[in-house]
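**Q** What follows is a single structure, and I will ask about it in a moment.
The values are calculated or read from the model by the stated rules, or taken from the named source; none is laboratory data. These numbers come from a predicted model, not from an experiment. Quick reminder, even Gly has a Cβ in these numbers, built from the backbone with ideal geometry, and neighbours come from all protein chains shown. Each accessible area value is taken on the protein alone, full model and side chains, heavy atoms only, with ligands, DNA and RNA left out. Shrake-Rupley method; radii C 1.70, N 1.55, O 1.52, S 1.80 Å.
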Amino acid sequence: MVVGIPKGLMYWKYGSTLEVFLKELGIQYIVSPDTSRDILDRGVNCCVDDACLPIKIFHGHVHWLKDRCDLIITPRIMKVEHREYICPKFCGLIEMLKNSIEGLPRLTEAPLNLVTRTDRLQWFMYLGKMLNCSKKEIVDAYRKAEEFYNSSEHGHEDRSFRHKVALMGHTYNVYDNYVNMNIKKKLNKLGIGVITEERVNKETIERKIKNLYKKPFWSFAKNSYGASVSLYEEGLVDGIIYISSFACGIDSIVIELIKEHIGDFPFMVLKIDEHTGEAGIDTRIEAFSDMLERRKLSENKCSKLG
Ligand code: SF4
């Protein structure tokens, strides 16, 4: 049996851990290639028009895998934190795929709750059973995967750049270089380092959220808001760049919450969909970089005068 792993959505957070699990079980697996024009076209052609870009891209990865494996891992992620939720598109993803792509092999359909170890193990038990593995093999492989995840570095932080910005947005937008058009590389070339939300600890995020009138019940929104506000308040960044999927409801709320809190602090939102052109993104990044530079010069001038 060959198992397929689509390189989209939460692959960017949990994909390597899943690979460790399969390797430990000795299962042959294939990961779809990096997102490309071909993957995007596949997704756009089969997915419903009004879905966001990451969902279309995920469809493209599944489409690429469908004739190359016997089972595709499509986690129906319901929750990542206690008493919080993630985007409903994750819950309905399997139905979307089944309705949009013909000739699919088997998909994993069980809900995946990532809150407690028992919840996670239950899902891995379900997957392992589909792969005809014994309970002991599954538990041992899960333990190895868990160790791998806990000992891995998460997120990214550049050092030694003239400027530093918080690079915010959903994991699958921040780390998929086709989607974000290699934004990190472009910023680095302009002398701007980045830091991502995983580098802000959970307790700090929870503290920042308490300032809001109501705690957001979407985990993604909570993390993006808490991390942005913390980095801004602690003076650890010169600006914030938020990569947002066109038509994403969660993004539209969190962006407004961040804006309201940071006032005139440099903040740029890059809206992306399948029609976004790279030239437009380049121009905006360069303009943002110029603004950071001017701001730094004027701050230096003021501090000398002061
Ligand atoms: S959170 Fe936004 S970008 Fe992510 S799947 Fe949902 S609608 Fe799409």
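**Q** Keeping all protein chains in the complex and leaving out DNA, RNA and ligands, what accessible area do you get for ARG284 with a 1.4 Å probe, in Å² to the nearest 10?
**A** Around 110 Å² of this residue is reachable by solvent.
**Q** Among the chymotrypsin sites (Phe, Trp or Tyr not before Pro) within the range 149-215, which fall in a DSSP loop and have no more than 16 other Cβ atoms within 10 Å of their own Cβ?
**A** Sparse-neighbourhood loop chymotrypsin sites (Phe, Trp or Tyr not before Pro): PHE161, TYR178, TYR213.
**Q** Find the accessible area per residue for the chain; the probe is 1.4 Å, ligands and nucleic acids are left out, and the unit is Å². Before the final figure, lay out the partial values.
**A** Numbers: 15060 Å² over 306 residues.
Per residue, the chain has 49 Å² of solvent-accessible surface.
**Q** Can you give me the long-range amide H partners of SER244? Hydrogens built in the peptide plane at 1.01 Å from N, cutoff under 5 Å, separation of 5 or more residues or another chain.
**A** Amide H to amide H, under 5 Å and 5 or more residues apart or across chains, SER244 pairs with LEU270, LYS271, ILE272.
**Q** Per residue of the chain, what 222 nm ellipticity follows from adding -39500 (n - 2.57) for every DSSP H run with n ≥ 4, rounded to the nearest 500?
**A** Numbers: 13 runs with 157 residues, N = 306.
Calculated at 222 nm, the ellipticity per residue is -16000 deg cm²/dmol.
**Q** Can I ask one more? Any idea what angle helix 117-130 forms with the longest principal axis of the chain, computed on alpha-carbon atoms, 0 to 90 degrees, nearest 10?
**A** 40 degrees
**Q** Also, quick follow-up: Work out Dmax and Rg for the chain from the C-alpha atoms and quote the Rg first, both in angstrom.
**A** 20.5, 73
**Q** Which residue fluctuates most in the GNM of the chain (Cα springs below 10 Å): SER252, SER230, SER219?
**A** Among SER252, SER230, SER219, the largest mean-square fluctuation in the Gaussian network model of the chain belongs to SER252.
**Q** Could you compute how much accessible surface ASP50 exposes when probed at 1.4 Å, giving the result in Å² to the nearest 10?
**A** Result for ASP50: roughly 120 Å² accessible.
**Q** Let me ask something else about it. Would you mind checking the tilt of helix 37-46 against the longest principal axis of the Cα atoms of the chain, expressed as 0 to 90 degrees and rounded to 10?
**A** 70 degrees
**Q** For the full complex of protein chains and a 1.4 angstrom probe, list MET168, MET291, MET1 by accessible area with the highest value first. Mind showing how you got there, number by number?
**A** Numbers: MET168 0, MET291 70, MET1 100 Å².
Final ranking, largest accessible area leading: MET1, MET291, MET168.
**Q** What is the antiparallel percent of DSSP beta bridges lying wholly in the chain, to the nearest 5? Before the final figure, lay out the partial values.
**A** Values: 1 of 29 bridges.
In the chain, approximately 5 percent of DSSP beta bridges are antiparallel ones.
**Q** Shifting gears a bit: If Lys and Arg each add +1 and Asp and Glu each add -1, what is the summed charge of the other residues whose beta carbon sits under 11 Å from the beta carbon of GLY169?
**A** Working: positive: LYS271; negative: ASP176, GLU197, ASP251.
Counting the neighbours of GLY169, the net charge comes to -2.
**Q** Moving on to the next point. Could you give log10 I(q)/I(0) at q = 0.09, 0.20 Å⁻¹ for the range 2-151, computed by the Debye formula over C-alpha point scatterers of equal weight, without solvent?
**A** Reported log10 I(q)/I(0), two decimals: -0.27, -1.31.
**Q** By how many degrees, between 0 and 90 and to the nearest 10, does the Cα long axis of helix 249-262 differ from the longest principal axis of the chain?
**A** That helix lies at roughly 30 degrees to the long axis.
**Q** Taking the mean number of other Cβ atoms within 10 Å as a proxy for protection, how do you rank 200-206, 188-194 from highest to lowest? Working shown, then result.
**A** Details: 200-206: 14.4, 188-194: 17.3.
Taking the mean over residues of other Cβ atoms within 10 Å, the ranking is 188-194, 200-206.
**Q** Kindly identify the range 165-301 as rounded, prolate or oblate by the Cα gyration tensor criterion: order the square roots of the eigenvalues as a ≥ b ≥ c, call it rounded if a/c is under 1.5, otherwise compare a/b with b/c, prolate if a/b is larger, else oblate. Spell out each step's value before the answer.
**A** Working: a/c = 1.79, a/b = 1.17, b/c = 1.53.
Oblate shape, in that a/c is at least 1.5 and b/c is the bigger or equal ratio.
**Q** Further, regarding this structure: Roughly speaking, to the nearest percent, how much of the range 48-91's 1.4 Å accessible area is carbon and sulfur? The partial results should precede the final answer.
**A** Numbers: 870 of 1770 Å².
Roughly 49 percent, rounded to a whole number.
**Q** Here's a follow-up. Reachable aspartates and glutamates from LYS98, Cα under 12 Å, same-chain residues fewer than 8 places away excluded?
**A** Partners within reach: GLU109.
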